[in-house]
1. Could you tell me which numbered condition Thr239 fails, if it satisfies all but one of (1) out of contact with any helix residue (DSSP H, G or I) (no Cβ under 6 Å at 6 or more places or on another chain); (2) on the phi < 0 side of the Ramachandran plot; (3) of a type outside the set (D, E, K, R); (4) surrounded by fewer than 24 Cβ atoms within 10 Å (Cβ to Cβ)?
2. Among residues belonging to region 65-120 that are hydroxyl-bearing (Ser, Thr, Tyr) and in contact (Cβ under 8 Å) with a residue 40 or more places away in the chain, point out the one that is farthest from Gly282 (Cα to Cα).
3. Check region 316-334 and report whether any residue there is in the same structural domain as Asn45 (by TED's automatic domain parsing), out of contact with any helix residue (DSSP H, G or I) (no Cβ under 9 Å at 6 or more places or on another chain), surrounded by fewer than 16 Cβ atoms within 10 Å (Cβ to Cβ) and small (Gly, Ala, Ser).
4. For Glu281, indicate whether it is of a type in the set (Asp, Glu) and in the same structural domain as Ile180 (by TED's automatic domain parsing).
5. Would you call Pro147 under 23 Å from Val217 (Cα atoms), surrounded by fewer than 24 Cβ atoms within 10 Å (Cβ to Cβ) and of a type outside the set (A, V, I, L, M, F, W, C)?
6. Which numbered condition in (1) of a type outside the set (A, V, I, L, M, F, W, C); (2) outside any loop (DSSP other than H, G, I, E, B); (3) at pLDDT below 90 is the only one that Arg9 fails?
7. Hey, does region 242-251 have a residue that's in contact with an Asp or Glu (Cβ under 8 Å, 6 or more places away or on another chain) and at pLDDT 95 or above?
Amino acid sequence: MKTMRHGSRARLAAVGIVTSGALLLAGCGAANESGSAGGQGGGSNLSGAIAGAGSSAQQAAQTAWIAGFTGANPGVTVNYEPSGSGAGRTQFAAGGVPFAGSDAYLEGDQLAQAKQRCGEVVELPVYVSPIAVVYNLPGVDNLKLAPATTAGIFNRQITKWNAPEIAADNPGVALPDQAITPVNRSDESGTTENFTEYLAAAAGPAWPHEPDGNWPVAGGEAAQGTSGVVGAVTAGAGTIGYADESQAGDLGKVQVKVGNEFVAPTPEAAAAVLDASKRVEGQGQYSYAFDLARDTTASGTYPIVLVSYVLACAKYADAAQADLVKAYLTYITSAEGQQAAAQAAGSAPISDNLRGQITPAVEAISAGA
């Protein structure tokens, strides 16, 4: 298993659920301290506003979480800008937003900066979803690829759909003599980082690049954001890319080889990988970052998985902000909140066992030095 490394900072995307001006208003409202910390049920006295930014993969889930939370807490406004994981981490570490979504945990200088701001950083895996290898190849409905074959395609070494390597993974399938057009993200992306981490761990020498949030291979076609990749693959012919499975639409989805079987990208198979993975050491007592078992051979697991985190502080200078962040994270991590995300985004709800582990981190959020 390899630990993910972050690439260069992503610039803030121009398009989002809220404008950057709204982010500047984060936490400007006041919360009534007598409100329900959980933020669930009727009659809540919570009020005020908070804003977050980051992972575009979390966009559908965040929309569902915001609707559920503010429905129970009509005096609260929550905004979320899906500006990308890199931008979210940068803003959070610098103190620009009270919470962020990130498809990779904090490391290095960003972790140090966040700890300086927060004291202890709260990192919770709240969104678990498979990353689908999506393709548009008419006539081929059930494409299967071994890790080295996938790596060869995206490293631009396998360039035709009827290449021997692809044929070996798909015996009896009529593969066309057609050029392959790989599509990758143009922006720094947690989805890219997770996908390249899988290739580096599982594909051996077929993938000679280090894991990174910036795409390492020149050439091919690039698109902005998850929606951009899905759109480019949909609009092309003989195209292949990678995207959060919940946003893949009607595109073909590769079954990847794990051990001796081929596994489709389902939430259940993605969650199985998290259960097999270990918590990262040295992050702090309230960090639940995981070093994912990308090279697993366990039956029924899908290793190209995105585990997206919500980042928060254990201590906030402003008590109203602390109350709102704590209440919102309580809802996100609840069974109700996880089910809302599953219905809206196709993600895998975290297990009751994991919820029990992370609950003390949420409860630790408070105001103070």
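1. Of everything listed in (1) out of contact with any helix residue (DSSP H, G or I) (no Cβ under 6 Å at 6 or more places or on another chain); (2) on the phi < 0 side of the Ramachandran plot; (3) of a type outside the set (D, E, K, R); (4) surrounded by fewer than 24 Cβ atoms within 10 Å (Cβ to Cβ), Thr239 misses just condition (1).
2. Once the filter is applied, the top-ranked residue is Thr77.
3. Within region 316-334 (the criterion being in the same structural domain as Asn45 (by TED's automatic domain parsing), out of contact with any helix residue (DSSP H, G or I) (no Cβ under 9 Å at 6 or more places or on another chain), surrounded by fewer than 16 Cβ atoms within 10 Å (Cβ to Cβ) and small (Gly, Ala, Ser)), the answer is yes, since at least one residue qualifies.
4. In short, no.
5. So Pro147 passes the test.
6. (2)
7. No - not one qualifying residue is present in region 242-251.
Okay, residues lined up against (1) in contact with a Phe, Trp or Tyr (Cβ under 7 Å, 6 or more places away or on another chain); (2) within 30 Å of Ala200 (Cβ to Cβ); (3) part of a strand (DSSP E or B):
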residue: Val273; (1), (2), (3): yes, yes, no
residue: Glu281; (1), (2), (3): no, yes, no
residue: Gln285; (1), (2), (3): no, yes, no
residue: Ala298; (1), (2), (3): no, yes, no
residue: Ala312; (1), (2), (3): yes, yes, yes
residue: Asp323; (1), (2), (3): no, no, no
residue: Tyr331; (1), (2), (3): yes, no, no
residue: Ala340; (1), (2), (3): yes, no, no
residue: Arg355; (1), (2), (3): no, no, no
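The values are calculated or read from the model by the stated rules, or taken from the named source; none is laboratory data. Since the model is a prediction, treat every value here as computed from it, not as a measurement. Methodologically, a virtual Cβ is constructed for each residue, glycine included, from the backbone with ideal geometry; neighbour enumeration extends over all protein chains shown.
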